[in-house]
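Quick notes on the structure that follows.
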Amino acid sequence: MGKETSNSVQSQVPEETINSFQSRVSEETLDDEKGHDDEVPSFSIDKEMLAKLVEDNSFTSLHQSGGIHGIAAALETILETGISGQEMDLQRRREVFGSNLNVKDNSLLNKKLGHFRGVIVDSIKDTTVILLLCCAILSLVLGIKRNGFEEGILDGAIVFAVISGVACISTIVKFLTYQRNKKLSRRTKAVTVIRDGREQQVGVPEVVVGDIICLNTGDQVPADGLFVHGQELKLDEDEKYNMDNGIVRDCFIRDEIPSMFTGAKVVGGDCRMLVTAVGENTETNKMMKLLKSNQQNKESKLQIEVDKMNSRIEKIWLSLSLLVLAVQVLRCFTWDTGCGDQSPDPDPKGVKNTVQEIVAEATKIFRKQGGSLNRYVEMLSMLVLVTRDGLPLGLLISLAYASKQFISSGAKVRNLPVCGSISLVTTICTAKSSDLYLDHAKMIDFRIGVDNVEKSLTGVNVDVLNALREAIGATSSDSADDHSLLFWAKEVLDVDREKMKKNCIIEAFDIDENRAGFLLKWNGCDNISAIMYWKGSPEIILSMCAHYVDINGALQTLDEPKRVVLKQIIEDITDDSLRCIAFASKKVKEKEEEGVKEDEEIEPTDRGLIWLGLAGLKNPYASEAKQAIEVCGESEIKIKLVLEDDVKTAILMAINSGILDREEDNKEAVVEASVFRNSSEEARLLMVDKIRVMANASPLDKLLMVKCLKQKGEVVAVTGMCTRDSPSLKEADVGFLMGERSAEVAKENSDIIILDNKFATIVDILKLGRSVSNNIRKFIQLHLTVNIAAFTINLVATPFLGEVPIQTFQLLWVNVVMDILGALALAAPISPPARHVNATPLITKNVWRNIVVQVLYQVSVLLTIQFKGKELLLHANQMILKAIVFNSFVLCQVFVLMNAREIEKPNILEGKRLHQNLRFLVILGLIFILQIAIIEIVTTVTQGKRLNIKQWCVCTGIAVMSQPIGLVTKWIISWPEC
């Protein structure tokens, strides 16, 4: 549609309407100037009516409300010249309809994060940080007692520095993020409006209801409104634009959808728009307000799972650490501490003689114990640091590598942590996609006579088309198969079955499984004979016919050669179609009509019918889409089809795609959105599980469904492509944006972009996500094994030795190596996507089994060396023993890394063999080289000695035993993953 449509839409406003409006504005302006404006004058339409009109999004509703000119008049706007633009009028509109500030702007302005001091105070309130500070204060006191004030303060400063690093890293990130968002919120783009007959530039916040906005290619819609007129307008959120596989249709797409919504981008053409809602009153912002306040920065399920795990581990470690510290402090006040060479002599009564002697003795013991406590607190702080930041670092490496695999599978990742949590999805709420789009051209293989009719019926005789319309309309029912035929007939032949029922008398006769006859006569047309239409199995209908009509409307004799041709056509279509339906007709004289009504059994071969055509019903969806839906069903992932279409079309899509079963009673599975919306919250929670199709649904209905599903404990994925889908995309655990050309605002709120706009790609991504999640599970197993083993060794040994066997630097070193190199080793290659995509927890029983067994082995062996090493290893002093313990500990993690390649199966060489994985072998070699360098070169840092060949063999032997222990454990103890 071009200029002609534009002119037809923009008809002239009656002159009296314009004069009346101008008079009213002048009177109100004079009243304002005189100070008589005691209350704000209202408009003849309120914002609720405007919102309903825009939400309906149809020209039918618009015309019933008086058309675009009626709405403009109610808003006191002249379509050609806009509003007056006087300050009093602008202020009145803001007071009645609100200002153009959205929810995001207000939430940012109201946040109390403007000062860095406030952010730090908020972070210090964290329980873990408070406990660490308590430990640090205790360590500081002991350090001062042991080494004096100056040296004690220095040692304490080191501990506080580590704790500050734990507390302030995330604080700085939060503050910088807030400042960036605050800066972005203040950016305003200019928009062109028409006021007082002139085009002028104003800021987006200055737009008011009633404004006429001029939009060109590249502009973003700044408010909700109604289309006035334009040239070849195309928006990035329009379905036809996004479903056309990269080729913009050469048609005017505003012929059915007059509404324009905030955030949509003009990708072609230009237009004028009448503003009907601004700021918080726009549809998108209303839905955004329904979201939880904590959804401002959505966390993925992976982040939530990791945070919960970190929180539990931190609390356990801190609790046990406080216990150890308490034991150490009490030990300082006991006589038999082993801190000195000799125990002090008690008096004969077993009690110290004076308080001064107690203080003196305590001071001496503090000096012995203070250093070890300092190192213990340093180690504890480092442990918390690597747990909080080391684990996310390793996950980041794994997810960054996985995101590349997603691109090769047809998806672009916007929210990286979602890569690891999409395997947890249990429900998908989907709308249309390019492979779930009901294209009528793909639904029917139609033949007229013996002629093949392609996608359009151009060139077919009008009388033949009319006969086909009557045949399909008269003989079709409400069955599932006929839904497909009627949908095609409505789109291609313009068949209006309901209108036909009102204007015709249709009587059925001689109906069985293979054929059905219907008698049709138009009301009030006595001079027209009744027409008998038959529908049924092609072979049977063909046996009833003596003639056929071609596409030119010529009547042809159905001789034997033609019958052979038709039989071959029937056979070819039957092979490729779900069902074939043939149509035939015959005019009936008045006497024959009475006979047809009275006679129950009529021999069809004596009828001499005219063969009209043959319809082959085909499944409009590609086999990949149906297979993807089958995989979801086998994996117990529920699919909810949420459509703006009517119930019949929605059911047709669901049945053809496999979401609904043709034979199943789907009364509870199919629901009108209005029924769901108007139900109580309790009723919605009860019905949401059974719903598989929701028809006539608005974006608000989709959002309500997502919220209900999440309340039920489901992990929800949502598909969307337009601006109005943004709240659902943001609320869902995983938001899939369908198509790279979709609305920019929807992109900002999505997690993953499906580049080819196909539902089948989503299922492929879910399968790939399962593999990514499995790799993350392997890394978490490695990370927890390293840190739990280190903590347990230090926890058990410190009360007896008075010092930590694994020093802070050593703990940091092994975590850096395993978090970075270990993550790289386990991130690739990604295992082949599984057939099923069942949701599994992040840490399974098998993961805990592997962790517990490896930790028990490492703790028992390394503590034995620590306590009995002098007896077991000849000529091994304490420094050598510490180096052996540390070296063995690191090398054990190398074999734990090898074991982590397979969580469940005993054979780690299954799948891609170890010797074929060059990346993995290179990383193992690099870890060995780095460890040799640490032990042999940086001995002063590790507080140990260089090891000889025998001692290296001992360390390697201890580490190698981790491998058979892990294999035997998997062989003996195994639980199903799901």
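The values are calculated or read from the model by the stated rules, or taken from the named source; none is laboratory data. What you see is a predicted model, and the numbers here were worked out from it, not measured in a lab. Note: ideal-geometry Cβ built from the backbone for every residue, glycine included; neighbour counts use all protein chains shown. Heavy atoms of the whole protein, side chains included, go into the accessibility calculation; ligands, DNA and RNA do not. Shrake-Rupley method; radii C 1.70, N 1.55, O 1.52, S 1.80 Å.
Some observations on this one:
- Of all residues in the stretch 639-662, those satisfying the criterion of being in a loop (DSSP other than H, G, I, E, B) and crowded, with 16+ Cβ neighbours inside 10 Å are LEU643, GLU644, ASP645, GLY658, ILE659, LEU660.
- Scanning the stretch 404-412 turns up at least one residue that is surrounded by 18 or more Cβ atoms within 10 Å (Cβ to Cβ), at pLDDT below 85 and part of a helix (DSSP H, G or I).
- Counting only helices (runs of 4 or more DSSP H) wholly contained in the stretch 663-773, the ones carrying 1 or more residues that are in contact with a Leu (Cβ under 7 Å, 6 or more places away or on another chain) and buried (at least 24 other Cβ atoms within 10 Å of the Cβ) occupy 699-711, 726-731, 744-748.
- Filtered by the rule that a residue be farther than 30 Å from GLU80 by Cα and at pLDDT 90 or above, the stretch 265-309 gives no residues.
- Annotation note: of LEU108, LEU53, the sole residue that is under 47 Å from the mean Cα position of the chain (by Cα) and either modelled with pLDDT under 80 or on the phi > 0 side of the Ramachandran plot (or both) is LEU108.
- Single residue of the stretch 923-951 satisfying the filter (modelled with pLDDT of 80 or more and open to solvent by 90 Å² or more (accessible area, probe 1.4 Å)) that is nearest to TRP848 (Cα to Cα): ILE929
- For ALA441, the conditions (1) under 30 Å from ASP645 (Cα atoms); (2) modelled with pLDDT under 80; (3) not in a helix (DSSP H, G or I) all hold with the exception of (3).
- Test: residue in the stretch 244-259 that is open to solvent by 20 Å² or more (accessible area, probe 1.4 Å), modelled with pLDDT of 85 or more and not hydroxyl-bearing (Ser, Thr, Tyr): no
- Boolean, VAL847 is surrounded by 16 or more Cβ atoms within 10 Å (Cβ to Cβ) and at pLDDT 90 or above: no
So that you can scan it fast, the table gives a plain yes or no per residue for (1) small (Gly, Ala, Ser); (2) at pLDDT 90 or above; (3) farther than 17 Å from ILE472 by Cβ; (4) open to solvent by less than 40 Å² (accessible area, probe 1.4 Å):
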{"residue": "PHE509", "(1), (2), (3), (4)": "no, no, yes, yes"}
{"residue": "ASP526", "(1), (2), (3), (4)": "no, no, yes, no"}
{"residue": "SER529", "(1), (2), (3), (4)": "yes, no, yes, no"}
{"residue": "ALA546", "(1), (2), (3), (4)": "yes, yes, yes, yes"}
{"residue": "ASP550", "(1), (2), (3), (4)": "no, no, yes, yes"}
{"residue": "ASP572", "(1), (2), (3), (4)": "no, no, yes, no"}
{"residue": "SER577", "(1), (2), (3), (4)": "yes, no, no, yes"}
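- The set of residues from the stretch 465-495 being within 23 Å of LYS587 (Cβ to Cβ) and either in a loop (DSSP other than H, G, I, E, B) or open to solvent by 10 Å² or more (accessible area, probe 1.4 Å) (or both) comprises LEU465, ASN466, ALA467, ARG469, GLU470, SER476, LEU493, VAL495.
- Within the stretch 879-897, residues that are in contact (Cβ under 8 Å) with a residue 12 or more places away in the chain and open to solvent by 10 Å² or more (accessible area, probe 1.4 Å) sit with their Cβ atoms under 6 Å from residues that are among the polar types (S, T, N, Q) and in a helix (DSSP H, G or I), at 6+ positions apart or across chains, in these pairs: PHE895/SER962; PHE895/GLN963.
- Test: residue in the stretch 460-473 that is touching a residue at least 12 places away in the same chain (Cβ under 8 Å), small (Gly, Ala, Ser), under 30 Å from LEU660 (Cβ atoms) and in contact with a helix residue (DSSP H, G or I) (Cβ under 7 Å, 6 or more places away or on another chain): yes
- Screening LEU436 with (1) of a type in the set (A, V, I, L, M); (2) open to solvent by 10 Å² or more (accessible area, probe 1.4 Å); (3) assigned to a loop (DSSP other than H, G, I, E, B) gives one miss only, at (2).
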